[in-house]
1. Do any residues in segment 120-138 that are at positive phi have Cβ atoms under 7 Å from those of residues that are surrounded by fewer than 24 Cβ atoms within 10 Å (Cβ to Cβ), where the two are at least six apart or on different chains, and which pairs are they?
2. Ser117 versus (1) among the small types (Gly, Ala, Ser); (2) more than 14 Å from Ile252 (Cβ to Cβ); (3) within 22 Å of the chain's Cα centre (by Cα): which is the lone unmet condition?
3. Keeping to segment 78-105, report how many residues are surrounded by fewer than 16 Cβ atoms within 10 Å (Cβ to Cβ) and not charged (D, E, K, R).
4. Of everything in segment 379-389, what is surrounded by fewer than 23 Cβ atoms within 10 Å (Cβ to Cβ) and farther than 20 Å from Asn306 by Cα? Give them in sequence order.
5. Working carefully through the options Ser376, Ser371, Ser359, find the one that is assigned by TED's automatic domain parsing to the domain that holds Tyr434, surrounded by fewer than 18 Cβ atoms within 10 Å (Cβ to Cβ) and among the small types (Gly, Ala, Ser).
6. Restricting attention to segment 130-157, which residues are among the small types (Gly, Ala, Ser) and within 15 Å of the chain's Cα centre (by Cα)?
7. Of the residues Ala380, Ala407, Ala369, only one is among the aliphatic types (A, V, I, L, M) and part of a strand (DSSP E or B); which?
8. Taking into account only those residues within segment 201-216 that are in contact with a strand residue (DSSP E or B) (Cβ under 8 Å, 6 or more places away or on another chain) and not in a helix (DSSP H, G or I), which is surrounded by the most Cβ atoms within 10 Å (Cβ to Cβ)?
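The values are calculated or read from the model by the stated rules, or taken from the named source; none is laboratory data. Please read all numbers here as calculations on a predicted model, not as lab measurements. Neighbour counts are summed over all protein chains in view; Cβ atoms, including those assigned to glycine, are modelled from backbone coordinates with ideal geometry.
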Amino acid sequence: MRATHESGAGANDVKILLGLDDLPKAWYNIVPDLPVPLPPPLHPGTKQPITPADLPPIFPNEILRQEMAAAPMEPIPEEVREAYYRIGRPTPMYRATRLEAYLKTPARIYYKREDLSPVGSHKPNTALAQAYYARKEGAEALATETGAGQWGSALALATNYFDMKCKVFMVRVSYDQKPYRKYMMKMFGADVVASPSKETKIGLKFLEADGDHPGSLGIAISEAIEAALTMPNTKYSLGSVLNHVLMHQTVIGQEAIAQFDLGDITPDYMVGCVGGGSNFAGFTYPMIGRRLKGKSDTKFVAVEPNAAPSMTQGKYEYDFADTGQMTPLLKMYTLGYTFVPSRIHAGGLRYHGLAPTLSVLVDQGIVEARSYDQVSTFQAGEIFAKTEGLIPAPENCHGIKGVIDLALEAKKRNEPTVIAFNYCGHGLLDMEGYAQYLAGTLKDSAA
């Protein structure tokens, strides 16, 4: 099937479609292209670089190999590519002409539709791969954490697809704010509990200290790891931060480059929201690879919430990826593994750290970081809903806010600018946040 470019007249092009043959056959690994070597994970006791033998047996062997891989490309198994077809890959790219008109900007704005998967986000791109490898190696279940529930929904979908069980520890504040996410996971057969929970030693520790603890991704990660170590024939699955996760997401950016080429588009900026980094990396890493090789001048803007500002206010140092100190030490931008964010609705961005590869790019000035308050991002989401007809997830609103600001900056300079962003998820299961926003009760940093 051939790629097509649906268009009106000239500058009115609105949709770029790819054919099935355009689905990438390999994932892109940015590690060998980084401007400086990636600092290795360290053993928390010896402070020496770890080897796979130092890690508890919670990951499938192939996932561990990919995590340490130095090859620039990793082939995608045909079984995973078939699963990608079934969830709607390749995904379309749209031009936001109505948003452009509303802003009265000379900028052209494009967005990649990752909300069209069965769970409404980009997360199945890695969930399907991780479930496939775990099942192939004989695992019968996967344990994981989830913030807003998009990652948990994706892994529940993937484990169901590959005939596995799924245990999800959902950050308590999102468990309460977003009940329909947990029901979606349960519809796919997952067992979902609020974190901190009474099902793990780590969860009990935090509940004893605070019976109304809002939870954090760091705590939920610790609980999921403990579950993987104690449940029979269970592996652990992570939705962001680690290299293999970000690599799986690069199908997005590879498709985006093909769509840019098809539409004769040269993006001046590529934008995305950031929690751990999987959405942003998936969209931008293939183009960042081109820039690192001197083949692109595109600039990259990563947007985070003021409530969890790891890039803009964190320190670039070694830290634990989880609150229970069960992981190796990773060099990353971090607010500290004990950090507990306020109860913002963008649950997927409530993480204390940043992916190590993305941390290198921020530190080296390849990626610009910006942060915004909760109310201004919901305002951006409302503008996008009224112009483009799509209701974005609260996480997604952060990227849209960054895009709107860039478009207004271009307007102020009266400078034609091309801005592209990843529309990483819909907000149809996040209406409680929008209800508070419309009622005027939404706070800048808390629900």
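1. Gly120/His426; Gly120/Leu428
2. Here Ser117 clears every test but (2).
3. The total comes to 3.
4. Ile383, Ala385, Lys386, Thr387, Glu388, Gly389
5. The match here is Ser376.
6. Scanning segment 130-157 gives Gly147, Ala148, Gly149, Gly152, Ser153, Ala154.
7. Going through Ala380, Ala407, Ala369 in turn, just one is among the aliphatic types (A, V, I, L, M) and part of a strand (DSSP E or B): Ala369.
8. Gly215
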